[in-house]
Structure formats: C-alpha cells, structure tokens
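The values are calculated or read from the model by the stated rules, or taken from the named source; none is laboratory data. What you see is a predicted model; the values in this text were computed from it and never measured. Here the Cβ positions follow ideal geometry from the backbone for every residue, glycine too, while neighbour counts run over all protein chains shown. Surface accessibility is based on the protein's heavy atoms, side chains included, excluding ligands, DNA and RNA. Shrake-Rupley method; radii C 1.70, N 1.55, O 1.52, S 1.80 Å.
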Amino acid sequence: MRLAGHAHLGVTFLGLICFAELAIANELTTAFDAINSSDIKIHIDTLADDSFEGREAGTRGGHAAGHYLAQQLERYGLKPAGERGSYYQQFRGNCRNILGMLEGTDPDRKHETIVVGAHYDHVGYGSRKNSLGPIGYIHNGADDNASGVAGVLEVIEGFLALGQPPRRSVLFAFWDGEEQGLWGSKHWAAEPTVPIDRVVMKINADMIGHLRGNQVTIYGTRSSRGLRRLVSQCNTSTDLTLDFTWELKANSDHYSFFDREIPVLMLHTGLNEFYHRPIDDAHRINHDGSQSVARLLFAITHELANQDDLPAFRPSARSERPEHLVELERPAPPRPPRLGVTLATNGSESREIVLSHVYPGLPADRAGLKPGDVLLSFAGQPMSTIESLLAQVVRTESPATVVVRRENEGQLETVELAVPLDGKPLRLGISWREDGAEPGTVVLCEVVANSAAGLAGLQVADRVYQVGGYGFANGDEFRDTVNGWTGPMELLVERQGRLKTVTIDLPSPQM
Ligand SMILES: [Zn+2]
C-alpha cells in the first residue's frame with residue numbers, strides 16, 4: 001500500500017519490498033479480525049438504548065454516554081488526553097469531549113498526531129430546530145452517530161490487536177455538542193489538549209450505519225494531495241464503492257479542523273429515512289456494513305499513522321466545488337467518425353460484413369463506397385467480425401485500402417478503393433486530464449469506442465495510477481510510457497475507489 005511500482009528494483013530489495021507489503025497485509029488481517037460487527041452491535045445497542053434518552057449534549061443521557069466511552073478508553077488502556085489527566089474535556093457548562101491517546105513509537109514522528117473521531121451526542125427528545133419529527137420522543141441516534149462512535153472504538157481494537165502502536169500518535173476523540181453546531185470539535189480546536197500544530201490529519205466518521213449498495217461517501221480528499229489514491233489503496237481489502245465528493249461543508253466535526261487548515265477525511269454512508277427521527281433505532285442498523293466501513297477507517301488511519309511523510313494541507317480545496325469535479329471528468333467532445341458507415345452481416349453462411357448505410361459527406365461516401373457493398377478486406381486484412389473491423393478502423397493509418405464486392409448491372413464485381421480516413425489513428429484510444437490534487441494520476445476524459453482501451457473496458461473518469469507496475473510523475477511521463485510500450489500493457493486503474501488491473505492488447509506500433 002505504501003510502495004507503488006517496483007519492477008525496476010533489485011531482486012533482494014524486491015524481496016524486501018514484497019516482504020514489507022506482505023507484513024502490512026498480515027497486519028491488516030489481524031486488525032480486521034478484531035474489528036467486527038458483533039462488537040459494533042454491542043456499542044450501538046448500548047448507546048442507542050432509551051436509557052441514554054437520545055444523548056443530548058449536557059443532559060443526563062449525554063453524560064451517561066460520555067461515561068460509557070471513558071470506560072471503554074480506560075478498558076483499552078489508552079492514555080487520558082482530556083483535561084487534568086482525565087479522558088474528559090469539559091466545556092459550555094455540562095458538555096464533555098472524551099479523549100484518549102495511542103502514543104506513537106517512532107521518535108521522529110510520534111509528535112505528529114492523527115485525530116480520529118466521531119460525535120457521540122444526538123438530539124435527545126428532538127425539537128423543532130433539530131428533528132424531522134415527531135418531536136417529544138427519544139431520538140436514539142443509532143446511525144447518527146452511535147454507528148460512527150462504534151466504528152472509532154473498533155479502530156482502537158484494531159490497533160490493540162496489532163500489539164505494536166503505529167509510528168505517529170493517534171488521538172481518539174468523541175465529540176459532544178455536534179448537533180448544536182460542532183460545539184465539541186470547535187471547542188477542542190480552539191482549546192486543544194494536544195498542541196494543534198502537532199495535528200497532521202483529522203479523520204471523522206459520521207453516520208456509517210446504513211451502508212447501501214456498498215456505497216460510502218468520502219469527504220475531504222481535496223484537502224491534501226494524493227488522498228483519493230491513498231484511500232483507494234486502503235480500500236483494497238474492503239472493496240467498497242467510494243464516492244469522492246468535492247463537497248466540503250460544516251456538516252460534521254471534520255470541518256472544525258479543515259477550518260484550521262488541517263487535512264481531513266470523513267466517512268459517511270448517506271442520509272436516509274431515519275435521519276433525525278425517533279425511528280433511528282439500533283435494530284435497523286446494517287452491522288456488517290458498519291464493520292466494512294470501520295475496517296476501511298482503520299486501514300486509512302493505519303496507513304497515515306505509518307507512512308513516511310504526510311502531505312500538507314491544500315488551500316485550493318477551500319474554493320473547489322462539486323461542479324469542478326464534473327468539469328474535470330467531463331467527457332471530451334466525440335471525434336468525427338473515421339469512416340462513416342453502419343455495418344451489418346448478410347444472410348450468407350459466412351455472414352459477410354455489408355455496408356448497411358453510408359453517411360453522406362463522410363470518408364466512405366467521399367471515397368465511393370456504397371450501401372450494400374460487401375467488405376472483402378480492409379487495409380489488407382481479410383474480414384472477420386464487425387468488432388475486429390471497428391477496432392481496425394480506429395487504429396489504421398490513412399488512407400486505407402478497401403476491397404468490396406458489389407453488384408453492377410446484374411454483374412458481381414470486385415472494387416478496390418483508397419479511403420482517406422478522418423482523424424488520427426489511435427493506438428490506445430484515450431485522452432486524459434490531470435488532477436492537481438492527485439499527482440502521478442491521469443483522469444480519462446475520453447475512451448474511444450472499439451479502441452484498444454475501449455475493448456479493454458476502460459471508461460471515462462477512470463483514474464490510471466500505474467503502467468506495467470510503474471508509477472509516473474505526470475501526464476507527459478504517462479504519455480511517453482504508453483507510447484513506447486509494446487505488447488500487452490497492464491494499467492492499475494481506480495474507479496469509484498476500487499482498484500483493478502486492466503490489460504490492454506496494444507497493437508504493435510505502426511512503422
Ligand atoms: Zn451526525
């Protein structure tokens with residue numbers, strides 16, 4: 001996960017790297033075993049029980065929930081990271097953040113702190129201001145946000161299962177007063193119990209209880225460089241479908257940190273019909289879904305807490321909007337057809353390929369091809385399938401010699417035509433744009449139908465991270481690599497946070 005592309009390294013070093021990757025994979029497996037839906041169920045059933053009366057900040061129920069969390073941190077043996085050696089940070093009278101530290105082991109990096117948190121408060125009996133109704137009934141907030149709290153508690157279990165703390169320190173934070181307007185996280189950011197300049201990343205989980213269609217929304221990847229790629233690599237084991245929205249607003253506690261120019265990530269399974277209603281109850285939670293999201297949360301935290309260097313905050317994230325993502329992924333305008341025909345097969349035994357339509361004014365028409373012509377060869381290649389012909393049309397240098405059989409005054413005749421094809425031949429058949437927040441990545445904005453890339457299943461908006469196991473610094477390096485490539489080419493591709501290797505049968509370069 002931490003080491004992209006290594007085919008060019010020495011064998012012994014290769015052995016070392018593969019060993020390291022294996023070690024990471026084993027670590028993840030060990031941790032994942034400790035992150036399970038049955039524990040998640042226990043935490044959610046507890047926090048979303050009527051006895052906590054909807055955990056409104058500063059109330060008896062809120063306090064009881066805070067106490068429960070402090071007990072968990074003590075049980076896990078985390079170092080108190082609240083005030084005066086306790087797990088608590090009191091504010092606004094009766095509100096309390098709950099904080100515990102897992103100290104890092106690397107002398108050079110343990111001062112750097114990753115904050116992993118979730119708000120534990122909810123809206124109590126509900127009010128006109130914070131409930132979608134009916135009000136006056138306990139809103140147990142099983143999804144919002146007992147599920148996020150349970151996920152963060154399981155991340156702690158994951159680290160404990162490893163035995164060895166990570167290189168950087170991890171501060172686990174349970175925020176109070178989020179429903180009132182991010183009170184707890186804002187208070188902590190203003191009066192941090194750990195110097196805020198030591199905080200290198202904030203990861204937040206809010207509403208991870210209703211995973212549907214395997215889809216998780218990831219907020220914040222624009223707040224630093226390479227975060228989308230990192231999260232996608234961490235998703236290898238969980239294989240969730242990730243929506244990397246460019247939307248970033250003050251709708252949960254990650255924002256209190258974003259506001260202070262700290263890179264952030266937030267995991268969320270989406271709003272739903274239970275949101276801020278008394279029916280947001282524990283028995284409706286998708287525990288297995290929460291388990292997967294909690295494991296992704298762990299993998300991300302584990303990676304950030306152990307990788308050598310962390311990218312800095314990216315100020316331009318402040319001005320980016322979802323429409324900018326649409327712009328980046330906007331498909332390139334379609335290319336004009338190179339030939340301009342519609343193909344069909346005739347009823348003959350050999351299912352010959354026939355020009356069923358020749359579009360006026362396009363290359364085939366201009367060269368004299370006619371509807372009904374039976375294609376015998378194209379650019380010196382005998383006919384096989386319509387698909388292979390379409391692929392040939394995409395990559396053939398112009399002009400192409402076309403041989404057809406046609407009927408002329410009752411006589412069958414064979415005609416050979418030189419057809420000047422429109423547009424350039426395409427060996428691969430893609431165009432791309434670059435994403436300033438994701439160095440070493442190209443974002444496909446065009447995949448030409450029937451091109452080598454199209455036949456391999458690439459799609460617009462796919463992101464390419466590697467060619468033949470090699471990373472690349474930028475689009476130019478990518479271009480040079482693919483242009484010089486011969487033989488089958490393996491691309492590491494990311495689509496909605498899922499990585500896959502796509503093999504492209506590249507035609508040999510035209511001499
Ligand atoms: Zn919430």
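All but one of (1) assigned to a loop (DSSP other than H, G, I, E, B); (2) of a type in the set (A, V, I, L, M, F, W, C); (3) closer than 22 Å to residue 313 by Cα hold for residue 208; which doesn't? Going through (1) assigned to a loop (DSSP other than H, G, I, E, B); (2) of a type in the set (A, V, I, L, M, F, W, C); (3) closer than 22 Å to residue 313 by Cα one by one, residue 208 breaks only (3). Annotation note: Cβ proximity below 8 Å between a residue of region 240-257 that is of a type in the set (Asp, Glu) and a residue that is assigned to a loop (DSSP other than H, G, I, E, B) and within 12 Å of the ligand (Cβ to nearest atom) (sequence gap 6+ or interchain) occurs for 253/182; 253/206. Each residue in region 235-255 was checked for being within 15 Å of the ligand (Cβ to nearest atom) and either open to solvent by 10 Å² or more (accessible area, probe 1.4 Å) or not assigned by TED's automatic domain parsing to the domain that holds residue 173 (or both), and 4 pass. Out of all the residues in region 291-303, is one or more surrounded by fewer than 21 Cβ atoms within 10 Å (Cβ to Cβ), in contact with a helix residue (DSSP H, G or I) (Cβ under 7 Å, 6 or more places away or on another chain) and assigned by TED's automatic domain parsing to the domain that holds residue 319? Checked against the condition, which is being surrounded by fewer than 21 Cβ atoms within 10 Å (Cβ to Cβ), in contact with a helix residue (DSSP H, G or I) (Cβ under 7 Å, 6 or more places away or on another chain) and assigned by TED's automatic domain parsing to the domain that holds residue 319, region 291-303 yields at least one hit. Within region 99-121, the residues that satisfy the criterion of being within 16 Å of the ligand (Cβ to nearest atom), under 14 Å from residue 187 (Cβ atoms) and in contact with a strand residue (DSSP E or B) (Cβ under 6 Å, 6 or more places away or on another chain) are 117, 119. Filter region 122-138 for residues that are open to solvent by 20 Å² or more (accessible area, probe 1.4 Å) and more than 16 Å from the ligand (Cβ to nearest atom) and give the result. If the condition is that a residue be open to solvent by 20 Å² or more (accessible area, probe 1.4 Å) and more than 16 Å from the ligand (Cβ to nearest atom), then 125, 128, 134, 135, 136, 137, 138 are the ones that fit.
With respect to the conditions (1) in a strand (DSSP E or B); (2) open to solvent by 10 Å² or more (accessible area, probe 1.4 Å), residue 167 falls short on a single one, namely (1).
From the list 296, 310, 325, 304, which residue is over 30 Å from residue 127 (Cβ atoms), among the aliphatic types (A, V, I, L, M) and touching a Pro at 6+ places or on another chain (Cβ under 8 Å)?
Details: 296 fails: touching a Pro at 6+ places or on another chain (Cβ under 8 Å); 325 fails: touching a Pro at 6+ places or on another chain (Cβ under 8 Å); 304 fails: touching a Pro at 6+ places or on another chain (Cβ under 8 Å).
It is 310.
Of the residues that make up region 241-258, is at least one closer than 27 Å to residue 32 by Cα and β-branched (Val, Ile, Thr)? Yes: one or more hits. Screening residue 280 against (1) surrounded by fewer than 24 Cβ atoms within 10 Å (Cβ to Cβ); (2) assigned to a loop (DSSP other than H, G, I, E, B); (3) touching a helix residue (DSSP H, G or I) at 6+ places or on another chain (Cβ under 7 Å) leaves a single unmet condition, (1).
Of the residues in region 373-380, at least one is outside the structural domain of residue 488 (by TED's automatic domain parsing), among the acidic types (Asp, Glu) and under 21 Å from residue 356 (Cβ atoms). If residue 216 satisfies every condition in (1) in a loop (DSSP other than H, G, I, E, B); (2) aliphatic (A, V, I, L, M); (3) within 16 Å of the ligand (Cβ to nearest atom) but one, which is the exception? With (1) in a loop (DSSP other than H, G, I, E, B); (2) aliphatic (A, V, I, L, M); (3) within 16 Å of the ligand (Cβ to nearest atom) applied to residue 216, the lone miss is (1). Residues that are within 16 Å of the ligand (Cβ to nearest atom), farther than 15 Å from residue 100 by Cβ and out of contact with any Ser or Thr (no Cβ under 7 Å at 6 or more places or on another chain) within region 151-175 are absent altogether. Taking each residue of region 403-414 that is under 19 Å from residue 367 (Cβ atoms) and looking for partners that are β-branched (Val, Ile, Thr) and open to solvent by 60 Å² or more (accessible area, probe 1.4 Å) with beta-carbon atoms closer than 9 Å, six or more apart or interchain, yields 403/414; 404/414; 405/414; 406/414.
Within region 265-295, the set of residues being under 12 Å from residue 207 (Cα atoms) and small (Gly, Ala, Ser) comprises 270, 289, 290, 294. For region 184-198, state whether one or more residues are in the same structural domain as residue 101 (by TED's automatic domain parsing), under 25 Å from residue 272 (Cα atoms) and either touching a residue at least 60 places away in the same chain (Cβ under 8 Å) or within 16 Å of the ligand (Cβ to nearest atom) (or both). Yes: one or more hits.
Among the residues of region 327-354, those identified as open to solvent by 40 Å² or more (accessible area, probe 1.4 Å) and in contact with a Phe, Trp or Tyr (Cβ under 9 Å, 6 or more places away or on another chain) are 337, 342.
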